[in-house]
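K.L.:
Below is the structure I would like to discuss, written out as structure tokens.
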Amino acid sequence: MIRKIFLFVFCFLAVMTGIKAQKEASKVSVVYFCSEITPKNILKLYEAMGVDVSNYKNIGLKVHFGERGNQNFLNPELLHPLVDKVHPTFVETNVLYVSDRRFTKSHIALAKEHGFTFAPIDILDADNEIIYPGDANFEFCKTVRTGDHFENYDFYIIYSHFKGHGSSGFGGAIKNVGMGMASPGGKMAIHANNYPKVNTPDKCFQCNRCANQCPAVAISVDSHGPVIDTTKCIGCAKCIAECPLKLFSPDNSGYDETRFLRKLVEYTKVLEDKRPMVFINVMANISTTCDCSAKAPKPFMRDIGAVASKDIVAIDQACQDLTSKAYGCEHVFQKVNHVSGIEQLKYAEKLGMGSTKYILIDVATGQRITLEEAVKQTEKKEEKQEQK
Ligand code: SF4
Ligand code: SF4
């Protein structure tokens with residue numbers, strides 16, 4: 001009898017261990033890699049994911065057009081073969097701060113100046129915002145705000161420049177969705193407070209433009225300048241764009257690194273749940289700051305290559321690992337930006353958005369490669385370039 005019980009317990013444990021191992025194995029995602037960043041290889045990476053887009057009518061290709069003066073944004077020509085194949089629309093959202101990219105017309109004009117001329121361009125918040133509820137288990141975001149054109153697309157290819165960012169450590173696919181697809185009001189909510197602040201109100205010449213344009217009638221203007229009633233403000237960020245003297249700006253007084261990163265992830269989760277998405281990240285022109293910088297610092301490390309995955313967590317994790325390995329440390333962006341950005345990956349995995357475990361497949365051979373082998377390829381590429 002005792003022997004039978006022992007046998008039963010042994011078999012039960014063996015089966016449970018097997019199931020657990022299977023579950024663990026199923027959490028490992030695939031990330032496709034190439035060290036040569038060419039238009040052909042960007043298409044190859046996309047094709048490696050085996051996506052069938054035949055049933056999708058409108059495909060959005062989320063890009064970043066680059067701020068005026070920025071020298072690090074990705075060369076749009078890299079996308080030409082992919083665009084020829086899937087006929088997407090370049091999609092973006094207006095930014096929060098005042099620049100050409102704050103207003104739809106000048107944003108599109110700048111995009112064309114920067115070479116994004118071979119597909120239609122759509123600024124998702126050109127007309128209105130759409131506000132989705134946050135998930136019940138979110139720590140911060142009760143709502144998520146994007147442009148109402150977001151719903152016009154039934155499939156998204158998220159094409160991201162992987163590089164540093166002062167607040168998020170690094171910016172990859174998660175940031176390109178969470179922040180990059182948020183409306184200006186959404187961007188303000190992610191950064192810190194849901195309402196703006198007034199700087200140097202005494203400069204106000206009482207044109208009343210801000211008050212007239214405020215949809216919540218939250219601004220009153222008198223001889224001391226504008227005052228925002230934060231109990232009425234709905235955080236649309238319109239006043240930031242409207243004031244000719246730029247007297248309004250986001251109020252980041254309550255900024256907290258972890259909160260910022262988690263909000264970013266919560267925005268991404270809601271948008272990713274609404275539409276199917278696949279991801280391509282390019283690790284080139286890797287600067288400490290993002291492509292919204294008009295004067296970005298020069299790249300601080302060599303180009304690494306490009307990756308593609310259906311898993312938004314795995315792709316950013318792979319980029320973080322590849323760049324860190326190539327830089328010779330554990331967290332390259334912790335070193336250069338004093339923010340590791342790892343919190344994005346941990347929280348996204350906790351929310352079930354993907355896996356930090358992945359395998360790398362070299363698209364040139366179709367074979368699995370290690371992180372070390374991938375980095376070795378980038379070293380060889382650099383040596384070749386130096387010899388030329
Ligand atoms: S953010 Fe929008 S709602 Fe709030 S004060 Fe400015 S214009 Fe009004
Ligand atoms: S738009 Fe600017 S200058 Fe005009 S009333 Fe408002 S704060 Fe003053």
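The values are calculated or read from the model by the stated rules, or taken from the named source; none is laboratory data. The structure displayed is predicted, hence computed values, not measured ones. As a convention, Cβ positions derive from the backbone with ideal geometry for all residues, glycine included, and neighbour counts pool all protein chains shown.
K.L.:
Does S167 satisfy being of a type in the set (S, T, N, Q), in contact with a Phe, Trp or Tyr (Cβ under 8 Å, 6 or more places away or on another chain) and more than 15 Å from E272 (Cα to Cα)?
P.N.:
On the way: of a type in the set (S, T, N, Q): yes; in contact with a Phe, Trp or Tyr (Cβ under 8 Å, 6 or more places away or on another chain): yes; more than 15 Å from E272 (Cα to Cα): yes.
The answer is yes for S167.
K.L.:
Next up: So which residues in the range 242-258 are within 14 Å of ligand 2 (Cβ to nearest atom) and part of a loop (DSSP other than H, G, I, E, B), if there are any at all? Quick ask: steps written out before the conclusion?
P.N.:
Taking the range 242-258 and keeping what is within 14 Å of ligand 2 (Cβ to nearest atom), we get 242-249.
Matches in the range 242-258: C243, P244, L245, K246, L247.
K.L.:
Would you call L110 closer than 21 Å to N285 by Cβ, under 21 Å from the mean Cα position of the chain (by Cα) and crowded, with 19+ Cβ neighbours inside 10 Å?
P.N.:
Numbers: closer than 21 Å to N285 by Cβ: yes; under 21 Å from the mean Cα position of the chain (by Cα): yes; crowded, with 19+ Cβ neighbours inside 10 Å: no.
Judged against the criteria, L110 is not a match.
K.L.:
Please enumerate the residues belonging to the range 216-227 that are part of a loop (DSSP other than H, G, I, E, B) and more than 6 Å from ligand 1 (Cβ to nearest atom).
P.N.:
Let us first name the residues in the range 216-227 that are part of a loop (DSSP other than H, G, I, E, B), namely 216-218, 223-224.
Within the range 216-227, V217, S223, H224 meet the criteria.
K.L.:
Tell me yes or no: at least one residue of the range 83-102 is among the small types (G, A, S) and touching a strand residue (DSSP E or B) at 6+ places or on another chain (Cβ under 7 Å). Break it down into steps so the answer makes sense when it comes.
P.N.:
Residues of the range 83-102 among the small types (G, A, S): 99.
Cutting the leftovers down to touching a strand residue (DSSP E or B) at 6+ places or on another chain (Cβ under 7 Å) gives us none.
No: zero hits.
K.L.:
Any idea which residue in the range 267-302 is nearest to T378 (Cα to Cα), counting only those that are among the basic types (K, R) and not in a loop (DSSP other than H, G, I, E, B)? Please lay out each step first, then the result.
P.N.:
Here is the first cut: in the range 267-302, the ones among the basic types (K, R) are 269, 274-275, 295, 298, 302.
Restricting the remaining residues to those that are not in a loop (DSSP other than H, G, I, E, B) gives 269, 274.
Details: K269: 32, K274: 36 Å.
The residue in question is K269.
K.L.:
Related question: Considering (1) under 22 Å from P276 (Cβ atoms); (2) touching a His at 6+ places or on another chain (Cβ under 7 Å), say which one A182 fails and leave the rest.
P.N.:
With respect to (1) under 22 Å from P276 (Cβ atoms); (2) touching a His at 6+ places or on another chain (Cβ under 7 Å), A182 is out only on (2).
K.L.:
Moving on to the next point. List every residue pair whose Cβ atoms sit under 8 Å apart, with the two residues 6 or more apart in sequence or on different chains, where the first one lies in the range 204-233 and is touching a residue at least 40 places away in the same chain (Cβ under 8 Å) and the second, anywhere, is near ligand 2 (Cβ under 9 Å from one of its atoms).
P.N.:
Once the first residue is touching a residue at least 40 places away in the same chain (Cβ under 8 Å) and sits in the range 204-233, its partners that are near ligand 2 (Cβ under 9 Å from one of its atoms) give C204/V221; C204/G225; C204/P226; C204/L245; C204/L247; F205/L245.
K.L.:
If you don't mind, there's one more thing I want to ask. I'm checking my understanding of the structure. Among residues of the range 207-241 that are near ligand 2 (Cβ under 6 Å from one of its atoms) and under 19 Å from F103 (Cβ atoms), which one is surrounded by the fewest Cβ atoms within 10 Å (Cβ to Cβ)?
P.N.:
Only one residue fits best here, namely C207.
K.L.:
Take the range 228-278 and flag every residue that is within 10 Å of ligand 1 (Cβ to nearest atom), farther than 15 Å from S183 by Cα and not charged (D, E, K, R).
P.N.:
I228, T230, C233, C243, F248, listed by residue number.
K.L.:
Within the range 340-350, identify whether any single residue is out of contact with any helix residue (DSSP H, G or I) (no Cβ under 8 Å at 6 or more places or on another chain), crowded, with 18+ Cβ neighbours inside 10 Å and modelled with pLDDT under 95, and answer yes or no.
P.N.:
Taking the range 340-350 first, the residues out of contact with any helix residue (DSSP H, G or I) (no Cβ under 8 Å at 6 or more places or on another chain) are 346, 350.
After this cut, where a residue has to be crowded, with 18+ Cβ neighbours inside 10 Å as well, the list is none.
Within the range 340-350, none of the residues are out of contact with any helix residue (DSSP H, G or I) (no Cβ under 8 Å at 6 or more places or on another chain), crowded, with 18+ Cβ neighbours inside 10 Å and modelled with pLDDT under 95.
K.L.:
Could you tell me which residue of the range 163-184 is surrounded by the most Cβ atoms within 10 Å (Cβ to Cβ), considering only residues that are of a type in the set (S, T, N, Q) and closer than 16 Å to V91 by Cα? So that I can check it myself, show each step before the final result.
P.N.:
Going through the range 163-184, the residues of a type in the set (S, T, N, Q) turn out to be 167-168, 176, 183.
Checking which are closer than 16 Å to V91 by Cα leaves us with 176, 183.
Details: N176: 24, S183: 26.
If we take residues in the range 163-184 being of a type in the set (S, T, N, Q) and closer than 16 Å to V91 by Cα, then S183 is surrounded by the most Cβ atoms within 10 Å (Cβ to Cβ).
K.L.:
Going residue by residue through the range 185-200, is there one that turns out to be among the polar types (S, T, N, Q), near ligand 2 (Cβ under 8 Å from one of its atoms) and not in a helix (DSSP H, G or I)? Break it down into steps so the answer makes sense when it comes.
P.N.:
Pass one, the range 185-200, residues among the polar types (S, T, N, Q): 193-194, 199-200.
Adding the requirement that they be near ligand 2 (Cβ under 8 Å from one of its atoms) leaves none.
Looking through the range 185-200, none of the residues is among the polar types (S, T, N, Q), near ligand 2 (Cβ under 8 Å from one of its atoms) and not in a helix (DSSP H, G or I).
K.L.:
While we're looking at this one, here's another question. What's the number of the condition E151 fails, among (1) surrounded by fewer than 20 Cβ atoms within 10 Å (Cβ to Cβ); (2) within 15 Å of ligand 2 (Cβ to nearest atom); (3) outside any loop (DSSP other than H, G, I, E, B)?
P.N.:
(2)
K.L.:
Which condition number in (1) in contact with a Pro (Cβ under 9 Å, 6 or more places away or on another chain); (2) over 25 Å from I174 (Cα atoms); (3) surrounded by 14 or more Cβ atoms within 10 Å (Cβ to Cβ) is the one that D251 fails?
P.N.:
Going through the list (1) in contact with a Pro (Cβ under 9 Å, 6 or more places away or on another chain); (2) over 25 Å from I174 (Cα atoms); (3) surrounded by 14 or more Cβ atoms within 10 Å (Cβ to Cβ), D251 breaks only (2).
K.L.:
Among the listed residues L96, L45, L82, which satisfies the condition of being surrounded by 21 or more Cβ atoms within 10 Å (Cβ to Cβ) and modelled with pLDDT under 95? Break it down into steps so the answer makes sense when it comes.
P.N.:
Numbers: L45 fails: modelled with pLDDT under 95; L82 fails: modelled with pLDDT under 95.
After applying the criteria, what remains is L96.
K.L.:
Another question about this same structure. Against the definition (buried (at least 20 other Cβ atoms within 10 Å of the Cβ) and within 30 Å of E373 (Cα to Cα)), how does V51 come out, yes or no?
P.N.:
Numbers: buried (at least 20 other Cβ atoms within 10 Å of the Cβ): no; within 30 Å of E373 (Cα to Cα): yes.
The answer is no for V51.
K.L.:
Can I ask one more? What number goes with the only condition from (1) in a helix (DSSP H, G or I); (2) under 21 Å from G147 (Cβ atoms) that L78 does not pass?
P.N.:
Condition not satisfied by L78: (2).
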